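Worksheet: the structure to be examined is printed underneath.
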Amino acid sequence: MNVYLHRGKDRIPGGWLAVYLLLLSLVIFLNTACTAPEDPVEKTIRPVRVILASLEEHEETIMMTGEVLPGETRHISFLVSGRIDELFVEKEEVINPDTVLGTVDDLDYQRALQGARANFQAAQANLDKAVAGATQEELLEMELQLKKAREAYEYANQQLDRLENLYQAGGISQADLDRTTMETAAAEASYQQAEAQYQQLVNGTRPEDISALAALRDAAGAEVSHFDTQVERTTLYASHNGTVAELFYQQGEIYRQGTPFLTLNSHDNIVRVSVSRQQLAHVNTGDSVNVLHDEGGIEGVITMVSSNPDPLTRTYRVEVELPAPSLTLGELVQVEFTTKGALGTPLPMKAVLAGNPDYVYVIEKETAKQVPVNLQQLDGSTIWVTGLYEGQHVVVEGMHLLSHGETVRVVEIGDSP
């Protein structure tokens, strides 16, 4: 017997009703189960081992790249101008002090020297004559000249008197009178000059005149010395030993005084490096350093530390003197500086994690925090860093599983290595 449920004109068999109700209950149960709250998951607390950071002084090794240079580079120049007459050296030639390097044509300087010597001799003769006084022959000659000058003046004066009378009588013109007046004045001047010269010879040269002649002689002597030096300067000598690095002129070219004629490199070598402002505090003149090259190492000494930075790189120049010229100029080498008194924190090398920048984990109030550090140097399995404070808890085991801000459990606190 079938049982039907009526809903309007539709009828549902009774057996299917039970199935329908069962499916409906299952759907409601599944929906309820999906929306039920989950049980909370317990948060993981990672165990770590730490050490106490300490700030300690230590020797720090700094490696810098340097270039091998000559200890000194000199520009050698002529002190005179002229045409290059001869060259006596070549590029890369090794020379010694007093080696002749070259000459400048000295013809003009020789001519000037000869003229200066002639002027000096004349000035010396005039001075000698004034000091010695006139000879008997010179006095007689001067007396004769004085007599002639006096007679000429007296004759001219007589002529002037006669023409003045003729002019008053209208016998000559004003022009004739004026011409005679001028001739008489000239004759009188000649007579007075002859008289003065005669008195000078008789009485001797005045002291002030002798002083003036001596000054002229000294000036002429200075001119001789000047041109003699110029002639000597037409030959150029080496003042130091070294190697010719560059020649700037060839034979026959016109040289201008003061410009470099050649460049001379000294035989000793230096290594030049650049250090930062922080490194500068640990680099001192007189310190020994190790210069590493392909064939080994050489001990050098710091001879110069620049007090002013390079305007472009802001680094400071340091020069290291080498004991012997055993390295090639221009060669790149490594300079090993060992500084004392550097302050840093020693850590196991594994505690420092690679990054940009490198970092370590520090535990504060059971929380891991990333702290950047600067590497100083590696000493075996210990690495020295800066950037930490005294007493900080630095993770040395378990740090590879940590993340910043994660809660941790410190299982052991050790001392710094």
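Here are a few things to note about the model shown:
- Strands (runs of 3 or more DSSP E) enclosed by the range 357-417 - at least 3 residues per element that are within 43 Å of the chain's Cα centre (by Cα): 374-379, 382-386
- When the strands (runs of 3 or more DSSP E) confined to the range 1-99 are screened for residues that are out of contact with any strand residue (DSSP E or B) (no Cβ under 8 Å at 6 or more places or on another chain) and either at pLDDT below 90 or assigned by TED's automatic domain parsing to the domain that holds G252 (or both), those reaching at least 2 such residues are found at 4-7.
- Residue tally, condition among the hydroxyl-bearing types (S, T, Y) and more than 27 Å from the chain's Cα centre (by Cα), over the range 42-97: 4
- So G115, is it modelled with pLDDT of 90 or more, surrounded by 16 or more Cβ atoms within 10 Å (Cβ to Cβ) and not in a loop (DSSP other than H, G, I, E, B): no
- The residues in the range 167-178 that are part of a helix (DSSP H, G or I) and either surrounded by 14 or more Cβ atoms within 10 Å (Cβ to Cβ) or not assigned by TED's automatic domain parsing to the domain that holds S211 (or both) can be counted, and the count is 2.
The values are calculated or read from the model by the stated rules, or taken from the named source; none is laboratory data. Everything numeric here is computed off the predicted structure, so don't read it as measured data. So basically every Cβ, Gly included, is an ideal-geometry build from the backbone, and we count neighbours across all protein chains shown.
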